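S.K.: Would you mind keeping the following structure in view while I ask a few things?
The values are calculated or read from the model by the stated rules, or taken from the named source; none is laboratory data. Quick caveat, the model's predicted, so the values are computed rather than measured. For neighbour counting, all protein chains shown are included, and Cβ atoms are generated from backbone atoms with ideal geometry for every residue, glycine included. To get the accessible areas, we keep the full protein, side chains included, count just its heavy atoms, and leave off ligands, DNA and RNA. Shrake-Rupley method; radii C 1.70, N 1.55, O 1.52, S 1.80 Å.
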Amino acid sequence: MVNNIHEQYMRRCLELAECGLGNVAPNPMVGAVIVHNGKIIGEGYHRKFGEPHAEVNAVNAVEDKDLLRESTLYVSLEPCNHAGKTPPCTNLILEHKIPRVVIAMVDPFEKVSGSGIQKLRANGVDVTVGILEDEAKWLNRRFITFYTKKRPYIILKWAQTLDGFIDIERTADSPIEPNWITNNACRTLVHRWRSEENGILVGNKTVINDNPQLNVRYWHGSNPTRILIDRTLATPNDRAIFDGTQPTVVFTGKNSGSSTRKELFSHIPFLDVVSIDFAKDAEVQMLDYLVQKNIQSIIVEGGSKTLQNLITLGYWDEARIFYGPKLFFKGVKAPSIVGEPIGSEEIDGTRLFYLVNSSATDKQ
Ligand SMILES: NC(=O)C1=CN([C@@H]2O[C@H](COP(=O)(O)OP(=O)(O)OC[C@H]3O[C@@H](n4cnc5c(N)ncnc54)[C@H](OP(=O)(O)O)[C@@H]3O)[C@@H](O)[C@H]2O)C=CC1
Ligand SMILES: Nc1c(N[C@@H]2O[C@H](COP(=O)(O)O)[C@@H](O)[C@H]2O)[nH]c(=O)[nH]c1=O
Ligand SMILES: [Zn+2]
């Protein structure tokens with residue numbers, strides 16, 4: 001019974017937390033509610049990176065601060081105990097003498113992990129941990145992966161025909177544009193997904209053949225950083241991803257300090273050309289660089305080689321695969337993948353499957 005009540009308020013915390021999706025990384029999404037005598041008297045969530053934490057917003061929302069001494073604070077993540085961009089939330093809880101705190105999950109971030117709970121308990125606060133823990137972990141899967149696996153959370157996405165292709169066989173005079181397999185509703189959904197991740201990764205053949213924009217046009221929200229794998233810098237300069245409207249990273253085997261960079265790219269704002277050694281573990285080097293840049297999650301939109309490389313190495317966490325009602329008969333084969341199905345849906349005649357990788361590779 002008590003757990004049911006706890007779950008009810010924690011569900012509200014998770015609902016609030018999710019409002020921060022796309023705006024708080026590299027911080028976690030966190031929601032908080034304050035309950036007094038069975039009534040919510042304040043709620044809040046972490047709205048934007050650098051802005052106040054959920055607990056602060058929830059406390060600020062309470063009109064009569066005296067009630068805090070008799071209230072329970074529900075929060076979807078362990079309160080922080082370190083001074084980051086904002087003061088520690090444990091201090092706030094103690095200052096306001098909140099007697100009970102209910103937490104969904106321990107913070108995986110090394111600087112906090114367990115110490116927030118310890119400090120509250122040491123100061124006489126009654127702390128309950130683990131309410132809707134699985135749900136909270138799923139919500140913050142990007143944040144958790146980033147800190148525990150030391151790499152971005154990786155979402156693979158592609159669209160394939162019923163006969164297993166992602167593109168037709170191109171000829172020299174094929175138009176430079178995508179061959180659409182999915183419908184407009186799916187495209188809108190994909191743009192929403194783009195707004196939820198920090199980076200969007202593609203291989204150079206995709207940019208050469210499709211000239212994608214890799215931005216958020218059919219949804220609202222931030223554009224992800226464009227990330228291109230281009231070992232030989234073979235991608236023509238006129239491609240849309242070089243329009244300078246979004247931060248862009250190009251991983252190349254060429255020396256980025258050489259004249260190649262200056263001549264080809266000096267006119268493009270927000271462009272980072274990063275040299276890596278393709279003779280070694282290219283993916284590890286790329287993921288390391290993205291971690292350095294605080295890119296907590298990426299969506300990989302193809303093509304087949306780029307996706308298959310990551311699948312083979314186990315560097316993926318989720319896959320979202322569209323099966324459109326088309327046949328190409330020949331062309332670029334879709335990647336092959338084995339994962340745990342977690343759901344599927346039908347969108348105007350296109351089937352969408354969701355997979356997760358329960359044996360994803362760590363990158364320590
Ligand atoms: N239906 C769909 O959802 C999608 C379809 N597409 C289609 O897919 C086609 C392109 O797919 P595909 O031909 O497989 O090519 P990719 O777009 O995956 O690009 C492959 C190239 O990227 C470079 N690359 C990628 N990963 C690595 C790595 N780990 N190490 C070294 N180089 C790497 C290589 O370049 P290099 O050879 O220079 O070393 C490689 O040849 C396009 O025609 C496009 O239309 C693309 C995206 C989605
Ligand atoms: N063909 C195909 C996809 N192709 C992917 O979308 C990219 C185009 O992005 P943009 O220019 O921003 O709209 C393209 O390069 C490739 O990565 N995606 C899908 O959801 N369904 C499809 O049928
Ligand atoms: Zn905090």
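S.K.: Quick check on region 34-49. Is at least one of its residues away from ligand 1 (no atom under 16 Å from the Cβ), touching a residue at least 40 places away in the same chain (Cβ under 8 Å) and touching a helix residue (DSSP H, G or I) at 6+ places or on another chain (Cβ under 6 Å)? Even if it seems obvious, please write down each step before you answer.
M.R.: Step one: filter region 34-49 for residues away from ligand 1 (no atom under 16 Å from the Cβ), giving 34-49.
With the extra rule that they be touching a residue at least 40 places away in the same chain (Cβ under 8 Å), the set shrinks to 34.
From the residues that got through so far, the ones that are touching a helix residue (DSSP H, G or I) at 6+ places or on another chain (Cβ under 6 Å) too are 34.
Yes, region 34-49 contains at least one residue that is away from ligand 1 (no atom under 16 Å from the Cβ), touching a residue at least 40 places away in the same chain (Cβ under 8 Å) and touching a helix residue (DSSP H, G or I) at 6+ places or on another chain (Cβ under 6 Å).
S.K.: I would also like to ask the following. Tell me which residues, restricted to region 56-73, are open to solvent by 10 Å² or more (accessible area, probe 1.4 Å) and not basic (K, R).
M.R.: Just the residues of region 56-73 that are open to solvent by 10 Å² or more (accessible area, probe 1.4 Å), to begin with: 56-57, 60-61, 63-67, 69-70, 72.
Across region 56-73, the qualifying residues are V56, N57, N60, A61, E63, D64, D66, L67, E70, T72.
S.K.: What residue, among those in region 159-181 that are part of a loop (DSSP other than H, G, I, E, B) and among the charged types (D, E, K, R), is most open to solvent (accessible area, probe 1.4 Å)?
M.R.: D173
S.K.: Ok, one more. Just need a number here: residues in region 168-187 that are of a type in the set (A, V, I, L, M) and within 9 Å of ligand 1 (Cβ to nearest atom).
M.R.: 2
One line per residue, one yes/no per condition, for (1) in a loop (DSSP other than H, G, I, E, B); (2) near ligand 1 (Cβ under 10 Å from one of its atoms):
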site: L189; (1), (2): no, no
site: V202; (1), (2): no, yes
site: V207; (1), (2): no, yes
site: N215; (1), (2): yes, no
site: N223; (1), (2): yes, no
site: A234; (1), (2): yes, yes
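S.K.: Here's a check for you: in region 98-128, which residue that is loosely packed, with under 15 Cβ neighbours inside 10 Å and basic (K, R) is nearest to N3 (Cα to Cα)?
M.R.: Step by step, filter region 98-128, then rank; the result is R121.
S.K.: Filter region 142-158 down to the residues that are part of a strand (DSSP E or B) and not aliphatic (A, V, I, L, M), then identify the one that is nearest to ligand 3 (Cβ to nearest atom). Steps first, please.
M.R.: As a first pass, look at region 142-158 and keep what is part of a strand (DSSP E or B): 153-158.
Narrowing the set further to residues that are not aliphatic (A, V, I, L, M) leaves 153, 157-158.
Details: Y153: 22, K157: 33, W158: 38 Å.
Here the answer is Y153.
S.K.: If you check K97 against the conditions, is it outside any helix (DSSP H, G or I) and either of a type in the set (S, T, N, Q) or more than 25 Å from K149 (Cβ to Cβ) (or both)?
M.R.: yes
S.K.: How many residues does region 1-46 hold that are in a strand (DSSP E or B) and either under 22 Å from S113 (Cβ atoms) or out of contact with any Cys (no Cβ under 6 Å at 6 or more places or on another chain) (or both)?
M.R.: Total meeting the criteria: 12.
S.K.: Does region 321-337 include one or more residues that are touching a strand residue (DSSP E or B) at 6+ places or on another chain (Cβ under 6 Å), of a type outside the set (D, E) and free of Cβ contacts under 8 Å to residues at least 12 places away in the same chain?
M.R.: No; the residues of region 321-337 include none that is touching a strand residue (DSSP E or B) at 6+ places or on another chain (Cβ under 6 Å), of a type outside the set (D, E) and free of Cβ contacts under 8 Å to residues at least 12 places away in the same chain.
S.K.: Run V30 past the list (1) surrounded by fewer than 22 Cβ atoms within 10 Å (Cβ to Cβ); (2) closer than 15 Å to T90 by Cα and report the number of the one that doesn't hold.
M.R.: It fails just one condition, (1).
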